[in-house]
Amino acid sequence: MTHVAVVTDGAACMPPEVVGKYEIHVVPFQLNWEGESLRDGVDITPTEFYRRLRVAKRLPTTSQPAVGEFVKLFSRLSQEAEAIASIHIAQEFTGTYKAALLAAQEGAKVPIEVMDSRTAAMAQGFVVLEAARAVAQGADLTEVVRRVKALIPRVHLLACLDTLEYLRRSGRVRNLVALLGSALSIKAVFHLYDGQVRLFKQVRSRERAMEAMMGALPKRAQKKGLHVAVLHADAPAEAKDMEEAIASRFDCREVYIAEFTPVMGVHTGPGVLGLAFYVEG
């Protein structure tokens, strides 16, 4: 029997090999597109999603995992584990955290701790990975929660959108879109921290955006080990270049390349480049 099962949602954008290695349970979001209901990352891959998105006349809509999905998963895991740690995208963006919380209250057979990661994408993934590593080291639920809560304030996410059009059409982060207005030549770098998205920097090219994001690392990395993931939405070549540049400049404990899953890509569009990172304490 597994001592503590680790659960997250598809917004974590975790590399499949990491999910498999640590036996992390991922609850997918739902995409509703042209009459189809597709489970994000299950029924449609990121590659297929971005291919369709580039020519689509209408954006798909997304649905958060239902309470019932969490109830079923928690019930099954209760037969396999002594406790469950469920870690999710910041509640400012979806009701996923609340859905998991409600499910945990519906007659759970084992202790369940539902936590808001206060972030998204692979920044959320790093928080989940911390929980999974704690479990692998034999931690009980109390210790898993302690380590997760200690890491959450240290994880940052920076991202440059190739276009603001998808953000505008999705209706998310309206204040930032209004702030940037119609300056189409501007590449905006955003910072996601503690459930809030803020404008980090405005530059004139993707190359400068990449440098601006990497330029944020030395201030935090210093001489301590850096954990970093390069995020991308259908931009694998640029992501690889960025990964190599980071690996050559910094003392990295680990470096991943992580794709934006479809549920994230609906709101950002293709061409996103970003960094999720934290420095060892």
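In the stretch 260-275, the count of residues that are over 26 Å from T96 (Cβ atoms) and of a type in the set (S, T, N, Q) is zero.
Among the listed residues A100, A90, identify the single one that is at pLDDT 95 or above and either in the same structural domain as A229 (by TED's automatic domain parsing) or not in a helix (DSSP H, G or I) (or both).
Values: A100 fails: either in the same structural domain as A229 (by TED's automatic domain parsing) or not in a helix (DSSP H, G or I) (or both).
Selected residue: A90, the only one of A100, A90 that is at pLDDT 95 or above and either in the same structural domain as A229 (by TED's automatic domain parsing) or not in a helix (DSSP H, G or I) (or both).
Here A81 fits the description: modelled with pLDDT of 95 or more and not assigned by TED's automatic domain parsing to the domain that holds P236.
With respect to L226, is the statement that it is surrounded by 21 or more Cβ atoms within 10 Å (Cβ to Cβ), within 20 Å of the chain's Cα centre (by Cα) and under 11 Å from G274 (Cα atoms) true? When the stated conditions are applied, L226 does not pass them.
Scanning the stretch 195-213 for residues that are over 21 Å from A12 (Cα atoms) and not basic (K, R) yields L199, F200, Q202, V203, S205, E207, A209, M210, E211, A212.
Scanning the stretch 259-277 for residues being surrounded by fewer than 23 Cβ atoms within 10 Å (Cβ to Cβ) and in contact with a strand residue (DSSP E or B) (Cβ under 6 Å, 6 or more places away or on another chain) gives a total of 0. In the same structural domain as E113 (by TED's automatic domain parsing), over 20 Å from the mean Cα position of the chain (by Cα) and within 22 Å of R146 (Cβ to Cβ) - does that describe any residue in the stretch 7-14? No, there is no match, as no residue in the stretch 7-14 is in the same structural domain as E113 (by TED's automatic domain parsing), over 20 Å from the mean Cα position of the chain (by Cα) and within 22 Å of R146 (Cβ to Cβ). Of everything in the stretch 189-209 that is of a type in the set (A, V, I, L, M) and within 19 Å of the chain's Cα centre (by Cα), the residue that is modelled with the highest pLDDT is L192.
Among the residues of the stretch 13-24, is there at least one that is touching a Gly at 6+ places or on another chain (Cβ under 6 Å), closer than 19 Å to Q105 by Cβ and either at pLDDT 95 or above or buried (at least 23 other Cβ atoms within 10 Å of the Cβ) (or both)? No - not one qualifying residue is present in the stretch 13-24. Check whether at least one residue in the stretch 71-84 is crowded, with 22+ Cβ neighbours inside 10 Å and in a strand (DSSP E or B), and report yes or no. Within the stretch 71-84, one or more residues are crowded, with 22+ Cβ neighbours inside 10 Å and in a strand (DSSP E or B).
Residue-wise test of (1) at pLDDT 95 or above; (2) surrounded by 22 or more Cβ atoms within 10 Å (Cβ to Cβ); (3) in the same structural domain as R253 (by TED's automatic domain parsing).
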| site | (1), (2), (3) |
| --- | --- |
| T119 | yes, yes, no |
| F126 | yes, yes, no |
| R133 | yes, no, no |
| T142 | yes, no, no |
| R147 | yes, no, no |
| L161 | no, yes, yes |
| R174 | no, no, yes |
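Listed by first and then second residue, the pairs linking a residue in the stretch 195-214 that is within 14 Å of L161 (Cβ to Cβ) to a residue that is hydrophobic (A, V, I, L, M, F, W, C) and assigned to a helix (DSSP H, G or I), with Cβ atoms under 7 Å apart and 6 or more places separating them unless they lie on different chains, are V197/L176; L199/L176; L199/L179; K201/A212; V203/A209; V203/A212; M210/M242.
Here G95 passes the criteria (1) surrounded by 20 or more Cβ atoms within 10 Å (Cβ to Cβ); (2) within 24 Å of I152 (Cβ to Cβ) except the one numbered (1).
Residue-level check: of (1) free of Cβ contacts under 8 Å to residues at least 12 places away in the same chain; (2) in contact with an Asp or Glu (Cβ under 7 Å, 6 or more places away or on another chain), V27 misses just (1).
The set of residues from the stretch 31-60 being surrounded by 21 or more Cβ atoms within 10 Å (Cβ to Cβ) and either free of Cβ contacts under 8 Å to residues at least 60 places away in the same chain or aliphatic (A, V, I, L, M) (or both) comprises just one member, L31.
The values are calculated or read from the model by the stated rules, or taken from the named source; none is laboratory data. Keep in mind it's a predicted model, so treat the numbers as computed, not measured. Neighbour counts are summed over all protein chains in view; Cβ atoms, including those assigned to glycine, are modelled from backbone coordinates with ideal geometry.
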